[in-house]
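The structure appears right after this line, and notes come after that.
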Amino acid sequence: MAREIYDYQIASAKPKFADDVLNVRKSSYDVKLQNEVLLIKRGTGVTTVGINLLSPKEVDGRRLLVKNVGTSADAITLTAPIVTRADGSTYQSMIDGAITKVINTGYAQVEIISDGEHYSIIR
């Protein structure tokens, strides 16, 4: 069942989207394994939206499309996580060599894919 998150509450009376689409209307969102498409709308009083990506090793080979579905140029920031290796050491994963990727244009989108260690922007 598709979910629409509205300022930290699930709003069952709102329009539904395909099962793999999540309509985010809050200041931050932690990506889930089942997410493939995130349609981002900024909620009332929210000027930036932070999207916290999963460890690239958890989603190796998978794609994620993030799209600003509003006219607002407010920032949507994707953040790559710090990853813990099997030996307990850590490293900073990257999105095309950067820790963050910002979408700050209305109706803009970015699609990323994981190689198991980092993310690459493919469109």
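The values are calculated or read from the model by the stated rules, or taken from the named source; none is laboratory data. For clarity, every value in this text was computed on a predicted model and none was experimentally measured. Counting neighbours? That spans all protein chains shown, and the Cβs are built from the backbone with ideal geometry, glycine included.
Give the stretch 36-50 a look and list any residue that's assigned to a loop (DSSP other than H, G, I, E, B) and at pLDDT 85 or above, or say none.
GLU36
For the stretch 80-91, give me each residue that is of a type outside the set (Val, Ile, Thr), touching a strand residue (DSSP E or B) at 6+ places or on another chain (Cβ under 8 Å) and exposed (fewer than 13 other Cβ atoms within 10 Å of the Cβ).
Hits for the stretch 80-91 are ARG85, TYR91.
Report the residue count in the stretch 66-117 for those that are under 25 Å from SER27 (Cβ atoms) and in a strand (DSSP E or B).
Qualifying residue count for the region: 21.
One line per residue, one yes/no per condition, for (1) surrounded by 13 or more Cβ atoms within 10 Å (Cβ to Cβ); (2) free of Cβ contacts under 8 Å to residues at least 24 places away in the same chain; (3) touching a helix residue (DSSP H, G or I) at 6+ places or on another chain (Cβ under 7 Å); (4) not charged (D, E, K, R):
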site	(1), (2), (3), (4)
SER93	yes, no, no, yes
ASP96	yes, no, no, no
VAL102	yes, no, no, yes
ALA108	yes, no, no, yes
ILE112	yes, no, no, yes
ASP115	no, no, no, no
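Scan the stretch 51-65 residue by residue and report those that are in a loop (DSSP other than H, G, I, E, B) and within 11 Å of the chain's Cα centre (by Cα).
LEU53, LEU54
Restricting to the stretch 17-35, count the residues that are at pLDDT 70 or above and surrounded by 15 or more Cβ atoms within 10 Å (Cβ to Cβ).
5
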